[in-house]
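Here the structure is laid out as structure tokens; the discussion comes afterwards.
The values are calculated or read from the model by the stated rules, or taken from the named source; none is laboratory data. Note that the coordinates shown come from a computational prediction; the quantities given were computed from them, not determined experimentally. Cβ placement follows ideal geometry from the backbone for every residue including glycine, while neighbour counts extend to all protein chains displayed. The area values use the complete protein model at the heavy-atom level, side chains included, leaving out ligands, DNA and RNA. Shrake-Rupley method; radii C 1.70, N 1.55, O 1.52, S 1.80 Å.
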Amino acid sequence: MYKILKRIMDIVGALIALVLFSPIFLLTAVWIKCVSPGGPVFADIPDRVGKDKKPFKFMKFRSMFPNAHEYLIKNQELYQKYVENNYKINAEEDPRIIKGGIFLRKYSIDELPQFINVLKGEMSIVGPRAYYFFEIEEQAVKFPDTAGLIEKAVSIKPGITGPWQVTGRSSIGFVERVKLDARYAENKSILYDILIVLKTPYVVLTKKGAV
């Protein structure tokens, strides 16, 4: 019953969000093409880890210059900083960000296309944060005790929002993050999902969880 209700909530929620945010979609796409015409509207990033480790194309507005991930990999100093900071770089310090990109990321506007992933059944509105394959591989070696937690975290669909996103994500390291995700996978419920959804606007607007 949980799976049926969750899927209904995902479809209805994604459709409503796509209609409500359609003007923002259009304005964002136009802005990206104006300030960075040499690249696509959506970010060209490596596949993310879906349910049961099935890869999928993560939809996200591009907030960086083209081939930003390749640039990161080749820049050893920047990549080391990225890894040490739990696979993220503060937008204010990231040299790959395009004009207006900080604003898109600060208010999670770049994340809105993920509602398309939800409609396709690749993601859920609520769930663990979508990991990169290289991220979980590297962290499993670095923190071998988290192997079981990682398996639990990726046993369900990743979400647009989730326990990590509404619990001060900027200050939470990988180990605590995967613990939160694994705990969510074990204790998931519709009421828990609704609580997380209700917390999300506050986190976004106050930037408590901004990366």
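Name every residue in region 107-133 that is over 13 Å from the mean Cα position of the chain (by Cα) and open to solvent by less than 40 Å² (accessible area, probe 1.4 Å), in order of residue number.
Correct list: G121 only.
Are any residues in region 33-68 surrounded by 13 or more Cβ atoms within 10 Å (Cβ to Cβ) and acidic (D, E), and if so, which ones?
Once the filter is applied, which keeps residues that are surrounded by 13 or more Cβ atoms within 10 Å (Cβ to Cβ) and acidic (D, E), region 33-68 yields D44, D47.
So for region 69-91 (the condition being surrounded by 16 or more Cβ atoms within 10 Å (Cβ to Cβ), touching a residue at least 24 places away in the same chain (Cβ under 8 Å) and of a type in the set (K, R)), does at least one residue qualify?
no
Across region 47-106, what is the number of residues that are of a type in the set (D, E), closer than 26 Å to A29 by Cα and over 16 Å from the mean Cα position of the chain (by Cα)? Give the derivation first.
In the first step, residues of region 47-106 are kept if they are of a type in the set (D, E); the result is 47, 52, 70, 77, 84, 92-94.
Restricting the remaining residues to those that are closer than 26 Å to A29 by Cα gives 47, 70, 92-94.
Now narrow it down to the ones that are over 16 Å from the mean Cα position of the chain (by Cα): 70, 92-94.
Looking only at that region, the number is 4.
When both residues are 6+ apart or on different chains and their Cβ atoms are under 6 Å apart, which pairs have a first residue that lies in region 1-21 and is part of a helix (DSSP H, G or I), and a second that is open to solvent by less than 90 Å² (accessible area, probe 1.4 Å) and polar (S, T, N, Q)?
As it stands, the answer is D10/S124, since those pairs meet every condition given.
Answer yes or no: is there a residue in region 69-77 that is part of a loop (DSSP other than H, G, I, E, B) and either touching a strand residue (DSSP E or B) at 6+ places or on another chain (Cβ under 8 Å) or of a type outside the set (S, T, Y) (or both). Please lay out each step first, then the result.
Of all residues in region 69-77, those part of a loop (DSSP other than H, G, I, E, B) come to 75.
Checking which are either touching a strand residue (DSSP E or B) at 6+ places or on another chain (Cβ under 8 Å) or of a type outside the set (S, T, Y) (or both) leaves us with 75.
Scanning region 69-77 turns up at least one residue that is part of a loop (DSSP other than H, G, I, E, B) and either touching a strand residue (DSSP E or B) at 6+ places or on another chain (Cβ under 8 Å) or of a type outside the set (S, T, Y) (or both).
Suppose we keep only residues that are assigned to a helix (DSSP H, G or I) and open to solvent by 20 Å² or more (accessible area, probe 1.4 Å) within region 92-106. Which one would you say is nearest to I156 (Cα to Cα)? Spell out the reasoning first.
First, the residues of region 92-106 that are assigned to a helix (DSSP H, G or I): 92-93, 101-106.
From the residues that got through so far, the ones that are open to solvent by 20 Å² or more (accessible area, probe 1.4 Å) too are 92-93, 102-103, 105-106.
Working: E92: 33, E93: 33, I102: 30, F103: 31, R105: 25, K106: 27 Å.
Only one residue tops the list, namely R105.
Mind listing whichever residues of region 83-132 are small (G, A, S) and modelled with pLDDT of 90 or more? Give the derivation first.
We begin by selecting, within region 83-132, every residue small (G, A, S); these are 91, 100-101, 108, 121, 124, 127, 130.
Listed by number, the residues that qualify are G100, G101, G121, S124, G127, A130.
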